[in-house]
Amino acid sequence: MRPYAGDMDTAGAVPDWVQIPSLRLLVALADSGSVGAAARRIGMAQPNASRNIAMLERRTGLKMLDRSPRGSTLTPQGRLAATWAQEVLESLERFTAGTRALAHDGAGKLTVGASQTVAEHLAPLWISRFNRFHPNVSVVLDMQNSERVISCVESGEYEIGFVESPTVPEHLHQSVLGEDPLELVVAPDHPWALRSTRGETIHLGELAKTPLVIREAGSGTRALVDELLGPFDPVRPISELNSTAAIIRAVRAGAGPAILSRLAATDQLADGRLISVPVAGGTPRRKLRAVWTGPTTLVGSAAQMLETALRVDTL
């Protein structure tokens, strides 16, 4: 199959026949088993979709589809072309978002969601540094658990989110900011405090058999604790609280052990109000991540906030 004469003969130029809907259709075909399914996915009538693919094949001189009674699948050339089409579409998204951000001349509002640990211990410094260089941008910080932050990023309520979950959905873009160690903590008069002074460790199996004071479902800390103790069939927690401060108060009052971010427990450990108990196998750690939707590369104020978070050494 040969391309139409004149279609590709201007080096470096984008031919006039290249159309965004055709590129979207090609990308949709990469995840669909038929032209009809791909057309429905992007809201295009099937006859128009068939004509678009036929036009792409004529113009490029490439066979894009293997057609059979069971459906149509992309050829190796078609799959490669779909990859390039995806890159073009992402670049267009960046262009649109970037020009919109520039049109506001750095002014406006940036809505950020953050999990509790990040919101209380890291984000204030990030925002202070951000505002020093971008004084015309008003940052609105909303503190939620990690599950809720991810949901609001997906819905577009937050332009960028910061979470502490062990994993995030594959369809979200992410950037790892660093690691946050966790601490097993008890009150000074808890029996495990004496074991700590003797250098004894607590095994995960023993920890799983102990009722804990723990964060609510949806919290990044809770997700990691569930992941760590899941293989040992853990008992029900003695208490589930949606505030790190409330957990600290409960542990100090003798309710039971808890697993907390080291960032949240630092002051309490330093003055002896809480005691850190070593866990066999080493200190559990979790990754702190920025998450967002849309173009792979952030633009505008959200990009500047991410850059600030990556540059400021707070971990």
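The values are calculated or read from the model by the stated rules, or taken from the named source; none is laboratory data. Predicted, not measured: the structure shown is a model, and the values here were computed from it. For neighbour counting, all protein chains shown are included, and Cβ atoms are generated from backbone atoms with ideal geometry for every residue, glycine included. Note: areas computed on protein heavy atoms with side chains; ligands, DNA, RNA excluded. Shrake-Rupley method; radii C 1.70, N 1.55, O 1.52, S 1.80 Å.
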Report the Cα-based extents of segment 24-160 along its three principal axes, largest first, to the nearest Å. 59, 32, 25
Computed over segment 186-269, Cα set: Rg, Dmax in Å: 12.3, 35
Mind listing the long-range amide H neighbours of LEU274? Cut-off is under 5 Å, sequence gap 5 or more, other chains count too, H placed in the peptide plane at 1.01 Å from N. LEU269
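Mean Kyte-Doolittle of at least -0.5 plus a Cα span of 27 Å or more along the axis: flag which DSSP H helices in the chain meet both, please. Walk me through the intermediate numbers first.
On the way: long enough: 76-103 (41 Å, -0.15).
Span-like helices here: 76-103.
From the gyration tensor of the Cα coordinates in segment 213-313, what semi-axes in whole Å does the equivalent ellipsoid have, largest first, with each one equal to sqrt(5λ)?
Details: eigenvalues 186, 62, 37 Å².
With the √(5λ) rule applied to segment 213-313, the semi-axes are 30, 18, 14 Å.
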Using just the Cα positions, wrap segment 88-233 in a convex hull and report its mean projected area in square nanometres, one decimal place. 12.0 nm²
Cα to Cα, under 14 Å, and not fewer than 8 places away if on the same chain: which aspartates and glutamates meet these conditions relative to LYS209? ASP226, ASP233
Would you kindly compute the Cα radius of gyration of segment 36-102 and its largest Cα-Cα separation (Dmax), both in Å? 14.5, 50
Connecting every pair of Cα atoms under 10 Å apart in the chain and solving the GNM, the largest mean-square fluctuation among ARG249, ARG148, ARG70 falls on ARG70
LYS63: which lysines have alpha carbons under 20 Å from its alpha carbon, excluding same-chain residues fewer than 8 sequence positions away? none
Expressed in whole Å with the largest first, what are the equivalent ellipsoid semi-axes of the chain derived from the C-alpha gyration tensor as the square root of 5 times each eigenvalue? 51, 25, 15
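With a 1.4 Å probe and all protein chains left in place, how much accessible area per residue does the chain have, in Å²?
Values: 16550 Å² over 315 residues.
Heavy-atom SASA per residue in the chain reads 53 Å².
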With a 1.4 Å probe and all protein chains kept in place, how much accessible area does ASP271 have, in Å² rounded to the nearest 10? 80 Å²
Roll a 1.4 angstrom probe over the protein heavy atoms and tell me the percent of accessible area of segment 107-249 that is carbon or sulfur. 50 percent
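Name the GluC sites (Glu not before Pro) in segment 182-264 that are in a loop by DSSP and that have at most 15 other C-beta atoms within 10 Å, would you? Mind showing how you got there, number by number?
Numbers: sites: GLU183, GLU200, GLU206, GLU216, GLU227, GLU240; in loops: GLU200, GLU216.
Passing sites in segment 182-264 are GLU200, GLU216.
Compute the convex hull volume of the Cα atoms of segment 152-299, divide it by the residue count, and report the result per residue in Å³ as a whole number. Let's see the in-between values first.
Working: hull volume 18.2 nm³, N = 148.
For segment 152-299, the hull spanned by Cα atoms encloses 123 Å³ per residue.
To the nearest 20 debye, what is the magnitude of the charge dipole of the chain about its Cα centre, counting +1 on the Cβ of each Lys and Arg and -1 on the Cβ of each Asp and Glu? Don't skip to the end; give the middle numbers.
Working: 32 positive and 33 negative charges, 121 e Å.
Charge dipole, the chain, about its Cα centre: 580 debye, nearest 20.
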Sorted on mean Cβ neighbours within 10 Å (highest first), peptides 138-145, 23-30 come out as 23-30, 138-145
extent check for segment 113-172: Cα max minus min per principal axis, descending, whole Å, gives 33, 23, 16
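Between exposed chymotrypsin sites (Phe, Trp or Tyr not before Pro) in the chain, where DSSP calls loop and at most 15 other Cβ atoms lie within 10 Å, what's the longest gap? All intermediate terms of the calculation are to be shown ahead of the outcome.
Details: sites that count: TYR4, TRP17.
Formally, the longest exposed-site-free interval is 18-315.
Could you compute Rg(Cα) / (2.2 N^0.38 Å) for segment 153-204, with N its residue count?
Values: Rg = 18.5 Å, N = 52, 2.2 N^0.38 = 9.9 Å.
Cα-based Rg divided by the globular estimate yields 1.87.
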